Amino acid sequence: MNRTVATGVALAVTLTATAVTLTGGTASAQDLRRTPHVDRHYYTTMTPYQPQEGLNGYQRAPKGFTPVFTEDVIRHGARAMTDSSDVDAVLAVVRSAQAQGQLTGLGARLGPQVQALQAAATSVGYGNLSGLGVQEQQQLALRLERRLPSLFTAIAAKQEPIEVETSGVARVVASANAFTSSLATGDPALAGLIQAPVTDKNLLYFHKQPQNADYQAYLASDPELAAVLAEIDGGPSTVESAEHIVSRLFDARFVKAMSSADQISFSTSLYNLYSAAPDLSVEAPDVDLDPFLPAQDAHWFAYLDDATSFYQKGPAFSGRTITYNMASVLLDDLFTQAEAKADGSSDAGAVLRFTHAEEIIPLAVLLDLPGSTEAADPDQPYTYRNNPWRGAQVTPMAANVQWDLYAGPAVGGSRGSSTAAGGSEYLVRMLYNEKETAFKPSCKPIAKGSYFYDLNELERCFNQG
């Protein structure tokens with residue numbers, strides 16, 4: 001399969017929950033091989049981006065309301081692997097088998113594919129935004145303009161600034177530049193209004209900051225975290241799946257000489273490259289690692305990867321909030337910017353924030369976004385069967401949360417006054433990966449089935465102000 005994505009439209013991903021069961025923290029990889037798969041691609045948080053709703057599917061704003069402000073939190077786009085460790089690990093084993101004449105026919109094809117992927121990563125720089133990542137951000141910007149044409153016309157007419165904030169990391173700054181350049185290309189009148197990116201690590205790289213030392217200690221030494229990941233990773237299904245992977249690539253003598261730990265380490269590195277390859281589809285259009293990682297084994301290693309993200313960044317353990325409370329700074333800022341526009345203390349037409357999966361995932365928990373919030377009982381580990389959390393859905397590359405602020409005809413002339421419909425003159429609509437998304441159930445929309453919420457109501461249900 002050629003993974004060229006000429007238009008930047010990402011590969012579709014369908015992750016089914018039917019193929020993985022867990023009994024006592026383990027599952028049967030053999031059962032996975034017997035389970036039919038709707039889609040054989042399992043890239044977890046490395047999944048290329050695709051919008052979740054078409055431009056013609058959105059609800060119309062209530063009569064008399066027009067957009068006056070928009071704000072985004074956007075993950076960086078597709079990127080190269082962060083370093084060469086997985087490439088080095090896979091090539092070392094392949095070269096050893098080759099030197100001993102113990103590669104299978106399939107195994108002999110692996111080295112050149114990995115080397116091509118390595119060359120692609122080197123061409124953009126490890127960890128840096130790839131060509132596909134640039135396309136993802138460019139197209140996000142163009143769709144934003146098309147969704148809110150009257151807003152951007154007003155921004156240009158009123159000369160309202162478009163504020164840009166980043167974590168300061170190279171791939172995030174590059175994402176911001178790709179996005180804003182595309183905005184300006186789509187509407188040249190905006191070019192002079194787009195401000196230079198400002199770095200705010202406390203807001204957009206909070207997981208690494210000193211004030212969250214308790215979270216960093218959780219990652220490094222929490223016994224409950226270490227125990228559950230050891231239970232998930234160390235089960236017989238991991239051994240079985242790894243052995244299945246290596247037995248297809250190397251002769252039986254070579255496989256027998258490998259320890260289980262060696263087989264698992266190799267298979268984990270191969271999975272990491274498999275999940276990274278689509279993000280380098282522009283630089284390496286002919287790289288195809290599918291033949292080397294059967295669907296059922298890719299599915300299993302995706303589960304292991306998702307489990308790590310779930311416990312390290314997501315809803316994690318019931319009764320504990322260490323993984324996501326730190327995102328309150330980002331949630332608060334969403335309210336602060338919307339409120340500032342509503343009360344007239346800000347003249348910004350848009351606020352664009354660019355960040356990482358480590359910020360998007362906990363923000364999704366606080367916002368109660370679909371599939372993002374269900375924690376795991378300490379004595380019943382996370383599985384695909386008992387929990388809807390999937391990295392590919394929660395935070396693919398270029399994942400984004402957007403709030404649009406709409407103003408209506410005020411009766412009384414001040415923020416918080418009522419309209420004829422009974423609410424304040426400001427409404428908020430949320431998009432999650434460009435799909436209209438309801439706020440949490442305790443927040444009441446202006447009408448049943450509506451995606452528009454009174455700003456005052458959101459402040460109430462999120463305990464703001």
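The values are calculated or read from the model by the stated rules, or taken from the named source; none is laboratory data. Because the structure is a prediction, the values reported are computed rather than measured. Cβ atoms come from the backbone with ideal geometry, glycine included; neighbour counts cover every protein chain shown. When the accessible area is computed, the model is the full protein with side chains, heavy atoms only, and any ligands, DNA or RNA have been set aside. Shrake-Rupley method; radii C 1.70, N 1.55, O 1.52, S 1.80 Å.
So the values come out like this:
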{"item": "R0 of 35 Å, Cβ-Cβ distance ARG95-GLN159: FRET efficiency to nearest 0.05", "result": "0.05"}
{"item": "Set LYS208/LYS313; LYS63/LYS158; LYS63/LYS448; LYS63/LYS444 screened for pairs whose C-alpha atoms are more than 21 Å apart", "result": "LYS63/LYS158"}
{"item": "Amide proton proximity set for PHE317, modelled H, under 5 Å, gap of 5+", "result": "ALA376"}
{"item": "Label-point gap, in nm, between ASN325 and SER450 - each point 7 angstrom along Cα→Cβ", "result": "3.6 nm"}
{"item": "Ranked packing of 130-142, 310-322, 83-95, most packed first, by mean Cβ within 10 Å", "result": "130-142, 310-322, 83-95"}
{"item": "Length-normalised contact order of the chain in % [C-alpha pairs under 8 Å, at least 6 apart]", "result": "27 percent"}
{"item": "Gyration tensor verdict on segment 253-336 (Cα atoms; rounded if a/c is under 1.5, prolate if a/b is larger than b/c, oblate otherwise)", "result": "oblate"}
{"item": "Carbon/sulfur fraction of accessible area - the chain, other protein chains in place, 1.4 Å, %", "result": "51 percent"}
{"item": "Aspartates and glutamates whose Cα lies under 16 Å from that of LYS341, excluding same-chain neighbours fewer than 8 positions away", "result": "GLU71, ASP72, GLU160, GLU163, ASP332, ASP333, ASP404, GLU425, ASP454, GLU459"}
{"item": "Cα shape, segment 178-331, gyration tensor, a/c 1.5 rule", "result": "oblate"}
{"item": "Approximate spin-label separation ARG109-SER150, in nm, with each point projected 7 Å along Cα-to-Cβ", "result": "5.5 nm"}
{"item": "Point-to-point label distance, ALA227-ALA340, nm (Cα→Cβ direction, 7 Å offset)", "result": "4.5 nm"}
{"item": "Rounded FRET efficiency, nearest 0.05, which uses the C-beta distance separating ALA438 from GLN464 and R0 of 25 Å", "result": "0.90"}
{"item": "Cα gyration tensor category, rounded, prolate or oblate, for segment 223-292 with a/c compared to 1.5", "result": "oblate"}
{"item": "FRET efficiency, GLN195 to GLU374 (Cβ-Cβ, R0 45 Å, nearest 0.05)", "result": "0.70"}
{"item": "Residue list for segment 349-367, given a label point 7 angstrom along the Cα-to-Cβ vector of THR82 and an amide N cut-off under 17 Å", "result": "355-362"}
{"item": "Calculated [θ] (222 nm, deg cm²/dmol) that DSSP helices of n ≥ 4 give over the chain, each run adding -39,500 (n - 2.57)", "result": "-13500 deg cm²/dmol"}
{"item": "Listed residue (SER150, ALA176, ASN202) projecting farthest to the positive dipole end of segment 116-232, Cβ model", "result": "SER150"}
{"item": "For segment 39-110, accessible area per residue (1.4 Å probe, heavy atoms of protein chains only), Å²", "result": "42 Å²"}
{"item": "Segment 203-333 - percent relative contact order, Cα under 8 Å, separation 6 or more", "result": "31 percent"}
{"item": "DSSP beta bridge pairing in the chain, given as percent antiparallel to the nearest 5", "result": "60 percent"}
{"item": "Estimated translational D of the chain in µm²/s (Stokes, Kirkwood radius over Cα pairs; 37 °C; 0.692 mPa s)", "result": "140 µm²/s"}
